[in-house]
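The values are calculated or read from the model by the stated rules, or taken from the named source; none is laboratory data. Treat the numbers as computed from the prediction; the structure is a model and nothing was measured. All Cβ positions, glycine included, derive from the backbone under ideal geometry; neighbour counts span all protein chains shown.
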Amino acid sequence: MKRIGLAMAAYGFAAALSVLLMIWALQLPGVDLTMPFHYHGDGLLCAACTKGMTEQGWFLRNDALGTPYGMELYDYPLCDNLHLLGLKLLGSLVSPFTACNLYYLLTFPLTTLCSLLVLRHFRVSYAPALLVSLLFTFLPSHLVRNLIHLYLASYYLVPLMVMVVLWLFLDPGLFWDEEGKRRFRPGRNGLVACLICVLVASAGIYYAFFGCF
């Protein structure tokens, strides 16, 4: 129990430090979260989808746009269901613009925690693991993309995908038996790897594609 408590405290400290650095980097004090951080580019589509989901269930159809027949996105190649689900959940509690802003802000502690989890899993000491996690979290692209490319800024699953790649490299028997027969017998890590792959595949095509290579 003591070990679990120490681990929770360590991750809690990392998340808190990430939030403090985020507040400083984005100059958040005094910012009105009901106003979008950016109101152009893909940020407009993100806001429209979020508002549409809060009013009509999901992003595929929006009767408030595309007069006279409504906007339909059934054939639009959008593979970001995980992010859209997060935006829908937040949008059920706050206004659509606030939901977009909050989701972007949440990507900072989420990226730090996922990075730290992976590094600690591979026995990296806490201090350097925390430093690397924060450096990865506050990459310039994360700060610049903002709501303009919200789904690309939400790269918190990338460290978990890297962990799966390393598992495959370090353990050839992650999915197959020792004789190399094509029988799917995943252990605990194999099942976790499958779950991570499903999440990554639901969070946009870019990181899922590059994760395959």
Here, helices (runs of 4 or more DSSP H) confined to the stretch 130-174 with at least 2 residues that are surrounded by fewer than 17 Cβ atoms within 10 Å (Cβ to Cβ) are 140-145, 158-170
Checked the stretch 129-176 for anything modelled with pLDDT under 90 and under 21 Å from F13 (Cβ atoms); matches are none
So the helices (runs of 4 or more DSSP H) completely within the stretch 1-95 holding 2 or more residues that are loosely packed, with under 13 Cβ neighbours inside 10 Å and free of Cβ contacts under 8 Å to residues at least 12 places away in the same chain are 2-25
